[in-house]
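The values are calculated or read from the model by the stated rules, or taken from the named source; none is laboratory data. Please read all numbers here as calculations on a predicted model, not as lab measurements. Every residue, glycine as well, gets a Cβ built from its backbone with ideal geometry; the counts of neighbours run over all protein chains shown.
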């Protein structure tokens, strides 16, 4: 049981992790992440990489949608921009991996800023639809700018390498993907302790009031778009190192909906929410695959049922969470934690 | 320039535009009454096509009965969805409700795939097939029939809104919910009514679209074009949905014929962005003034 933590300075109140217990848990988590690839089988390492990539992108979308209140259905398209940039650099220029990732993020960030321009005039649903337009237009660019993107057949790239090591297996890429994701998540968590992050939150709560308070709406909305797309771009870069081929169909509109669903299921405007949501939404289809595997002896052509059932479960999760748990998994987590904090005095 | 070809393409485009206008009307109806942006409209349209297929081909019912039953099922569906999913979300942020309809759309696609499979299907022929000529220009009879049905329905709607009690209640609710409520209008019932009518309309246009192009679980993409239509026209404007519907239909047909099919989406969405930048509330939409 924990009673409470007395804080004596503002800095202590603002700290990301305020108690020793929390820090201990955090160290435990890092230790777990470090030993994970040695303990788990290749399938789980593969899944961990995929989850980490989705967490990075969902965290970016959370900055934009959860914290700044600008709904975007273009996250997957920005991932595509990052992925194409990285693949192009890797094939045609051969710059080192960290630089590629950063450049992928920067190019995606610039694209995001362009898309964000209408955000000063339109908001809410109109903006969401403007971002759908952006992703349609980007998809067109991916499939028709053949000289750079390779057209419909896309780009295939050699495995990336870092410090002279070739990274072509999930358990090698794990050491790139997971640290980058952890870094980005911490960056996002810290962002909201700064002036910029606070400005984002003020814009979310009421943009006109924020403007009256002296926050420049255009600058901060564009900054939010740029940051969110930067995250998407880096995540897209990791994605393309992981799969090594990118086509216009790699980042469909459904994937943007997936990320929006992930932050809704996880909890909008919560760093933990984006992590839980992205992990949950990535694992659910795999769990379904397992269930279908078990059922196959009894149900004829169970495998054929997998795709429609997955679509139904995806939609059902969005609907159920919105109606019954609008604060998402982050709230569930807080509830569980509260229970253990007060146990055994209050159950 | 081949004028005859241009005329034919334009006529086909206007024909398709009629369907956009009809579906756009379903969308506007829900938005006007309940302020819900229903992104599942394309999927409800698809459901209409499939339910009709189930009655007409699966159970081999006569066409008129199948049409009536489909409309009834669609109306029931609209009522149930409103009651179970939309009503609990009253007062939540518009973004949540909008995501809810995306979820609903995803469920509908899955259910249809589960019941009827993922392959495209052909609806039984129930529309005239003889080629039709306006002047010298050829028009597919199906498109012409669909356009006529759409036009009649739209006119019927306009009359209903103007003269029917329920229609007046609907307009009153759209104007000011609290005022309508205090005048004795049962606002929750108006919400249900709006969903019922909108789903019937969407299902009707689903049967028409399905008769022309066949039905498939990916038919919901039609909803994306409808989304462009209503945004360009203005989310809460019936007139806007009709004008923009015809215009987008024309634009798609012309770009499809002269530039190639893959430019269709590009053209409509570029138009969408242009309209959003110049007139963010659409051509005929109400400009909402924000107050603190």
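Worth a mention:
- Restricting segment A:106-128 to residues that are closer than 20 Å to residue A:248 by Cα and buried (at least 19 other Cβ atoms within 10 Å of the Cβ), the residue that is nearest to the other protein chains (Cβ to nearest Cβ): A:115
- Yes/no for residue B:91 being within 14 Å of another protein chain (Cβ to nearest Cβ) and not in a helix (DSSP H, G or I): yes
- Scanning segment A:225-259 for residues that are touching a strand residue (DSSP E or B) at 6+ places or on another chain (Cβ under 7 Å) and on the phi < 0 side of the Ramachandran plot returns A:240, A:241, A:245, A:246.
- Residue A:223 more than 14 Å from every other protein chain (Cβ to nearest Cβ), free of Cβ contacts under 8 Å to residues at least 60 places away in the same chain and either surrounded by 19 or more Cβ atoms within 10 Å (Cβ to Cβ) or assigned to a helix (DSSP H, G or I) (or both): yes
- If the condition is being assigned to a loop (DSSP other than H, G, I, E, B) and either without any contact (Cβ under 8 Å) to a residue 12 or more places away in the chain or within 9 Å of chain A (Cβ to nearest Cβ) (or both), then segment B:261-292 contributes B:261, B:262, B:279, B:280, B:281, B:282, B:287, B:288, B:289, B:290, B:291, B:292.
- Condition check for residue A:314: within 11 Å of chain B (Cβ to nearest Cβ), within 25 Å of residue B:118 (Cβ to Cβ) and within 14 Å of the chain's Cα centre (by Cα): no
- Candidate set: segment A:290-303, residues that are closer than 24 Å to residue A:44 by Cα and within 14 Å of chain B (Cβ to nearest Cβ); chosen: the one surrounded by the fewest Cβ atoms within 10 Å (Cβ to Cβ): A:303
- When residues of segment A:173-211 are limited to those that are over 23 Å from residue A:66 (Cβ atoms) and surrounded by fewer than 19 Cβ atoms within 10 Å (Cβ to Cβ), the one modelled with the highest pLDDT: A:179
- Each residue in segment B:217-260 was checked for being away from chain A (no Cβ under 13 Å), outside any helix (DSSP H, G or I) and surrounded by fewer than 22 Cβ atoms within 10 Å (Cβ to Cβ), and 0 pass.
- Residue in segment B:29-39 that is facing another protein chain (nearest Cβ under 9 Å), in a loop (DSSP other than H, G, I, E, B), touching a helix residue (DSSP H, G or I) at 6+ places or on another chain (Cβ under 7 Å) and over 30 Å from residue A:306 (Cβ atoms) present: yes
- Counted as qualifying within segment B:95-206 are the helices (runs of 4 or more DSSP H) with 3 or more residues that are away from chain A (no Cβ under 14 Å) and under 18 Å from the mean Cα position of the chain (by Cα), namely B:141-163.
- Test: residue B:56 is in contact with a helix residue (DSSP H, G or I) (Cβ under 6 Å, 6 or more places away or on another chain), touching a residue at least 60 places away in the same chain (Cβ under 8 Å), more than 23 Å from residue A:69 (Cβ to Cβ) and crowded, with 24+ Cβ neighbours inside 10 Å: no
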